[in-house]
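**Q** Please find one structure pasted underneath; my questions will follow.
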Amino acid sequence: MLELIKAGGWPMIPLLLLAVVALAIILERFWSLRRERVLPPGLGEEVREWVGRGNPLAPEHIESLRANSPLGALLAAALDVRQRGREVVRERVEDVGRHLVHRMERYLNALGTIAAAGPLLGLFGTVVGMIQMFLGILDHGLGDAAQLAGGIGKALVCTATGMVVAVPALVFHRYFRGRIASYIVEMEHEAMQLSDVLDAVASRGAGRKG
């Protein structure tokens, strides 16, 4: 392995740095986008039951819910405007949802950039290696054909390394984007169910007044 890195020359340094950064992002996103952290089991049902019983919603309770998780932040946003009608609730949920998507997609642009830049850096390293090899031929002649083939093989090490870095980065970039999209769909569904409960509570309150 060390011999391959040496064969690739100095262009291997940025490729190895990209590999380290990509691995760090992948591990961090796996940790941050755990389902129980984004969508705590039973949270939506618990909030709906609390609201449905007509319990008072103190500001500190809503703030605690907001800090609980991304799902909690979306439900808290709906509760913030619970007395202003279903359309206002929907607009607030959509607005907060966009902010949550941006937060959950943290570092994914960097991962996508690594997926795009890896092959280009690998190709650059190969070109540099080929240039060095042909300059050597210009100075010292063609020499042994086997040595020439070995030199070409060494130059292609960078291209192979660039692909090895780029493919996992691309795969996990797409994977995390898909996971976030599925989370958002579920979170919006939970928020709309909460909106239905809020409507029912408001209707009961209006019936008592009548």
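The values are calculated or read from the model by the stated rules, or taken from the named source; none is laboratory data. Just so it is clear, the structure is predicted and the values come from calculations on it, not from any experiment. Here Cβ is always computed from backbone atoms with ideal geometry, including for glycine, and neighbour counts include all displayed protein chains.
**Q** Need at least 3 residues that are on the phi < 0 side of the Ramachandran plot and crowded, with 21+ Cβ neighbours inside 10 Å per element, so show me which helices (runs of 4 or more DSSP H) inside region 54-133 make the cut, counting only ones lying wholly within it.
**A** The qualifying helices (runs of 4 or more DSSP H) are 70-80, 86-104.
**Q** When you check VAL197 against the structure, is it more than 30 Å from GLU28 (Cβ to Cβ) and either at pLDDT 85 or above or exposed (fewer than 15 other Cβ atoms within 10 Å of the Cβ) (or both), yes or no?
**A** yes
**Q** So is GLU28 part of a helix (DSSP H, G or I), at pLDDT 90 or above, among the acidic types (Asp, Glu) and within 30 Å of VAL157 (Cβ to Cβ) or not?
**A** It is true that GLU28 is part of a helix (DSSP H, G or I), at pLDDT 90 or above, among the acidic types (Asp, Glu) and within 30 Å of VAL157 (Cβ to Cβ).
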